[in-house]
Structures are given as structure tokens and as C-alpha cells.
Amino acid sequence: MAVPKRKTSKMRKRSRRANWKTALPTLTECSQCHQPKLGHRACPTCGYYDGEKVIAVASDKKKEKKTKEEKAEKQEKKTEKKQEKKPEKKLESKGREKGD
Ligand SMILES: [Zn+2]
């Protein structure tokens, strides 16, 4: 393993790090919704890349929520039916208690 001949002085280290700079990411305009987006990435606003819908976006989730609510309503109806059936099962189990 290569070993440095001398310790890097505080000044040398600090003057090297003084040249670290942040750079702004290069933004391009989305061809679908004309919002700024990162190059070579799907648009976070509309979810399109190269003219095709690639990812689901927050605006799509609103549509999904409606379908989920419908599903939840269906499940509630099912659970209501199950609750009606459950007391009958309990009665059956009570009949088995202590036959001896
Ligand atoms: Zn877009």
C-alpha cells in the first residue's frame, strides 16, 4: 500500500477543500407538461418519459383513492355479513363444551 511521505498540513487540506463548490442540476423542460425536470429522467409532475406514461404521480393517486374507497365499502358489506354469521358459529362451539 502506498504511504504518504508527509502529513497533509491543515492549510493544504483547507485550501484544497476551499475549492469545493455546489453546482445547480441541469434542468430541461418536460415535453408533456412543460414543467422543469431533470434530464434523462421521468417527469415527476406528469410521470411521462419520451412521450410514454412511465410512473404513477400524485395526481394519479386521487383516482386510485376513489377506487380504494369503493373497495372499502365492499369490504364493509362483507364484514357485516360475516358478523351476522359469527354468532351462529359460537353457538355450535358452545354445544361441544364438556360432554363428559
Ligand atoms: Zn411532465
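The values are calculated or read from the model by the stated rules, or taken from the named source; none is laboratory data. Keep in mind that what you see is a predicted model, and the values were worked out from it rather than measured. Glycine gets a Cβ as well: all are built from the backbone with ideal geometry, and neighbour counts include every protein chain shown.
Quick notes on this structure:
- Residue match in segment 4-19 (condition: more than 12 Å from the ligand (Cβ to nearest atom), at pLDDT 70 or above, of a type outside the set (D, E, K, R) and within 31 Å of the chain's Cα centre (by Cα)): no
- Among the residues of segment 31-47, those identified as touching a residue at least 12 places away in the same chain (Cβ under 8 Å) and more than 7 Å from the ligand (Cβ to nearest atom) are SER31, LEU38, GLY39, ALA42, PRO44, GLY47.
- Selection status of THR26, at pLDDT 90 or above and within 16 Å of the ligand (Cβ to nearest atom): no
- Considering only residues in segment 37-85 that are among the acidic types (Asp, Glu) and under 16 Å from the mean Cα position of the chain (by Cα), the one that is modelled with the highest pLDDT turns out to be ASP60.
- Cβ-Cβ under 8 Å pairs, at least 6 apart or on other chains, segment 1-30 side closer than 29 Å to ARG41 by Cβ, far side among the β-branched types (Val, Ile, Thr) and surrounded by 10 or more Cβ atoms within 10 Å (Cβ to Cβ): CYS30/THR45
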